[in-house]
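Novice: The structure's right below; bear with me while I get my questions together.
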Amino acid sequence: MGEVQVIGASLSLFCCRIEWALKLKGIEYEYIEEDLRNKSSILLQYNPVHKKVPVLVHKGKPVAESLVILEYIDETWKQNPILPADPYEKSVVRFWSRFVDEKCVVGAWAACCAQEHEKEEAIKSAQESLGILDKQIESKKFLGGEKLGFLDLVVGSLPNWLEFIEELGGIKLVDPEKFPSLHAWAQNFFEIPIIKERIPMAKDLINYCKTYGLEPNKKQV
Ligand SMILES: N[C@@H](CCC(=O)N[C@@H](CS)C(=O)NCC(=O)O)C(=O)O
Ligand SMILES: *[C@@H]1O[C@H](CO)[C@@H](O)[C@H](O)[C@H]1NC(C)=O
């Protein structure tokens, strides 16, 4: 067994972030696919608090929570840094990373799951967050500046995931006119070879839900 393992789920927007970071750093790892409907004892042992993927295992020690894992990777393997060195710039990246997860992802999921009478409000709220993210991207090629950085990996497969959420929830959240910067950024990001070869597609997420009969008011995939 090698030094590095990733316990993940191939369709998870949180998990691909970790694999992209390891690939950027040129780190070999063993990938362990988790069945989230029947969690393995290794997942429960390594992430007993949240019982979620991704988990990075380095020399037998687990690191959980994708944003924490990304920082761990950047600090452990110094080549191709993904976080800026400057403390202020670093704090800005951390701020927006949490915004993506806590407002954009959570907001879109809430809109997808909302009861009929709350739906309109939830969609508006998710769109407001996505609009703020779009302004932040503001026709940048990479969110990391000249090259791929931490925030690029965090936003990552969000556009595909939103497409999936729209279909699952029967709602409309995004279109290229509404969020032009997010759209243009994604066009560029998705063409990068290491990204392209490992990005969850909306149609695979939709098929997964169909196969297992998952509905929006149930569990996050
Ligand atoms: N905040 C966590 C989110 C991870 C997460 O939600 N993982 C999902 C898969 S996308 C999971 O493991 N779900 C299993 C469950 O909730 O039981 C992170 O950033 O790592
Ligand atoms: C759940 O996982 C265990 C081993 O990890 C396996 O033996 C069992 O068959 C699985 N159950 C289902 C319903 O897939």
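The values are calculated or read from the model by the stated rules, or taken from the named source; none is laboratory data. Remember, it's a predicted structure, so these values are computed and weren't measured experimentally. Here the Cβ is made from the backbone with ideal geometry for all residues, glycine too, and neighbour counts use every protein chain on show.
Novice: Is there a residue being away from ligand 2 (no atom under 16 Å from the Cβ), farther than 15 Å from CYS15 by Cβ and modelled with pLDDT of 95 or more anywhere in the range 195-202?
Specialist: Within the range 195-202, one or more residues are away from ligand 2 (no atom under 16 Å from the Cβ), farther than 15 Å from CYS15 by Cβ and modelled with pLDDT of 95 or more.
Novice: Also, I was wondering about something else. So is LYS90 more than 16 Å from ligand 2 (Cβ to nearest atom) and out of contact with any helix residue (DSSP H, G or I) (no Cβ under 8 Å at 6 or more places or on another chain) or not?
Specialist: So LYS90 passes the test.
Novice: Select from the range 40-62 the residues that are farther than 22 Å from ARG198 by Cβ and within 22 Å of the chain's Cα centre (by Cα) and write down the one among them that is farthest from ligand 1 (Cβ to nearest atom).
Specialist: Looking at the filtered set, the residue picked out is PRO48.
Novice: Please work out which one of (1) closer than 22 Å to ILE195 by Cβ; (2) touching a strand residue (DSSP E or B) at 6+ places or on another chain (Cβ under 8 Å); (3) surrounded by 13 or more Cβ atoms within 10 Å (Cβ to Cβ); (4) among the charged types (D, E, K, R) is the condition GLU30 fails and give its number.
Specialist: The one condition GLU30 does not meet is (3).
Novice: Among the listed residues LYS25, LYS59, LYS52, LYS39, identify the single one that is surrounded by fewer than 16 Cβ atoms within 10 Å (Cβ to Cβ), touching a residue at least 12 places away in the same chain (Cβ under 8 Å), away from ligand 2 (no atom under 16 Å from the Cβ) and not assigned by TED's automatic domain parsing to the domain that holds TRP161.
Specialist: After applying the criteria, what remains is LYS59.
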